[in-house]
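The block underneath contains the structure these notes are about, expressed in structure tokens.
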Amino acid sequence: MMEDKKRFVKEKFSRVTRGYDLVNRLGSFGQDAFWRKRSASELADFPGPLLDLCAGTLALSLELVRQNPRPVVALDITSEMLHYGLYRFRKNPNLSLIKAVCGDAEELPFSKNTFYGLTIAFGLRNLARPKKGLFEMYRVLKPGGKAVILEFSRPRNPFFAPLYRLYLRYGMPLLGGLVTGDREAYLYLARSIYQFPEPKIVMAWMEEAGFTGIRAYPLTLGVVTIYTGLKPR
């Protein structure tokens with residue numbers, strides 16, 4: 001079951017690679033750039049190396065480097081995503097600070113206590129074993145290191161929430177299908193958002209993995225939530 005999900009996610013993301021960023025920009029009404037900036041700002045004062053998990057086409061990795069130039073390792077299970085990001089941003093002078101690695105966020109190919117900080121944007125809910133991923137994040141962070149998780153959540157506003165559900169159910173699959181040709185991938189997106197646990201459960205998972213000082217704050221009426229946690233010194 002878990003391996004089936006891993007294969008499904010890898011296959012779907014490889015198919016939508018070229019249209020992925022455009023769908024994100026259009027589908028979020030431009031908010032995705034703001035979400036990445038806020039997430040990256042949580043690590044603005046942390047030195048490198050940093051780790052960007054489920055890095056996709058490197059958008060968040062580049063934002064981390066833009067805010068504070070330092071080495072970033074960008075890891076993703078889908079090589080097509082990484083290769084496209086390297087090609088797309090090949091003229092960006094900050095790309096030289098980013099090392100792309102194809103790998104599994106649940107089995108990180110790094111030693112413990114390696115990174116001063118890490119990010120994962122819209123990737124935790126795509127892991128077959130998200131709790132295993134959190135334990136791996138904790139393992140590879142240095143003592144005093146910080147994890148920043150950007151993930152979709154479900155709005156609570158009684159007026160906005162039903163509109164958002166309709167948009168996810170019908171609008172996003174239509175947009176994603178038109179841009180990428182793979183409507184099924186964006187039907188999965190909607191399902192994954194509404195099947196993913198509430199913030200209090202994600203925070204409990206983080207605590208179980210060993211993180212302290214855990215915080216969660218919503219953005220854009222609760223469409224996304226940023227979680228942060230520290231590895232004790």
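The values are calculated or read from the model by the stated rules, or taken from the named source; none is laboratory data. These figures come from a predicted structure and were not determined experimentally. Cβ: placed from backbone, ideal geometry, glycine included. Neighbour counts: every protein chain shown. These area figures cover heavy atoms from the full protein model, side chains too; ligands, DNA and RNA do not enter into them. Shrake-Rupley method; radii C 1.70, N 1.55, O 1.52, S 1.80 Å.
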Return the pairs, sorted by first residue and then second, in which the second residue is charged (D, E, K, R), the first residue lies in segment 102-118 and is open to solvent by 30 Å² or more (accessible area, probe 1.4 Å), the beta carbons are less than 6 Å apart, and the residues are 6+ apart or on different chains. Lys112/Arg139; Asn113/Lys142; Tyr116/Lys142
Filtered residues of segment 36-54 (kept if open to solvent by 10 Å² or more (accessible area, probe 1.4 Å) and either under 15 Å from the mean Cα position of the chain (by Cα) or free of Cβ contacts under 8 Å to residues at least 60 places away in the same chain (or both)): Arg36, Lys37, Arg38, Ser41, Glu42, Ala44, Asp45, Cys54
Any hit, segment 183-191, residues being over 20 Å from Ser39 (Cβ atoms), open to solvent by 10 Å² or more (accessible area, probe 1.4 Å) and assigned to a loop (DSSP other than H, G, I, E, B): no
Here are Leu124, Leu174: which of them is modelled with pLDDT of 90 or more and either open to solvent by 60 Å² or more (accessible area, probe 1.4 Å) or within 17 Å of the chain's Cα centre (by Cα) (or both)? Leu124
Kindly indicate which of Lys142, Lys200 is under 18 Å from Glu42 (Cβ atoms) and either open to solvent by 20 Å² or more (accessible area, probe 1.4 Å) or free of Cβ contacts under 8 Å to residues at least 12 places away in the same chain (or both). Lys142
In contact with a Phe, Trp or Tyr (Cβ under 7 Å, 6 or more places away or on another chain), open to solvent by 40 Å² or more (accessible area, probe 1.4 Å) and at pLDDT 95 or above: does that describe Lys131? yes
Of everything in segment 203-233 that's polar (S, T, N, Q) and either farther than 18 Å from Phe152 by Cβ or at pLDDT 95 or above (or both), which residue is most open to solvent (accessible area, probe 1.4 Å)? Thr212
Condition set of a type outside the set (A, V, I, L, M, F, W, C), open to solvent by less than 50 Å² (accessible area, probe 1.4 Å) and touching a Pro at 6+ places or on another chain (Cβ under 9 Å), scope segment 55-96, selection modelled with the lowest pLDDT: answer is Asn94
